[in-house]
Amino acid sequence: MRTRPLQVTALRITPPAPGDKDRGLVAYLRFCIGGIEVDGVTLRRTRHGDLELAFPARRDSQGRLHAYLRLDDAALRSVEEQIFKVLGAEVAP
């Protein structure tokens, strides 16, 4: 089944507190995809220097993460490309 690409709209970027930058946090993001408002996403820089999106999740009593929003690889890549384009950054290969 082929679906339409997700379109990112209404992107809002909030800078982190100065101390959070030392831990790789670049910004907090809020945006809409497909009419659904997504909040609490963070833009982070990895140890290798790449940018990545981190979506909010809850941790259960066993320590496992459970995502509130699940995107397949193609959808995640599309969302990243759109956001990184606005930021003037490139998606890591």
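Using only the alpha-carbon atoms of the range 1-92 as identical scatterers, what base-10 log of I(q)/I(0) does the Debye formula give at q = 0.17, 0.21, 0.24 Å⁻¹?
-0.80, -1.17, -1.40
Placing +1 on the Cβ of each Lys and Arg and -1 on the Cβ of each Asp and Glu in the range 8-87, which of Pro56, Val38, Gly19 has its Cα farthest towards the positive end of the resulting dipole?
About the Cα centre, the residue reaching furthest to the positive side is Gly19.
Could you sort 21-28, 66-73 so that the peptide with the highest average Cβ count within 10 Å comes first and the rest follow in order?
By packing density, highest mean first, the sequence is 21-28, 66-73.
How much mean residue ellipticity at 222 nm does the chain get from its helices, if each DSSP H run of length 4 or more adds -39500 (n - 2.57) and you divide by all residues, to the nearest 500 deg cm²/dmol?
Estimated from H runs of four or more residues: -6000 deg cm²/dmol.
Under the Karplus relation 6.51 cos²θ - 1.76 cosθ + 1.60, θ = phi - 60°, what is the ordered set of whole-Hz ³J(HN,Hα) values for the range 18-27, x standing for Gly and Pro?
x, x, 6, 4, 5, 9, x, 7, 9, 6
Tell me, what is the percent relative contact order of the range 8-87, built from C-alpha pairs under 8 Å that lie six or more residues apart?
The value is 20 percent.
Each reported figure results from applying straightforward, stated rules to the coordinates on display, with no laboratory input. Nothing here was measured: the structure is a model prediction, and the numbers come from that model. With ideal geometry, Cβ positions are generated from the backbone for all residues, glycine too; neighbour counts draw on all protein chains shown.
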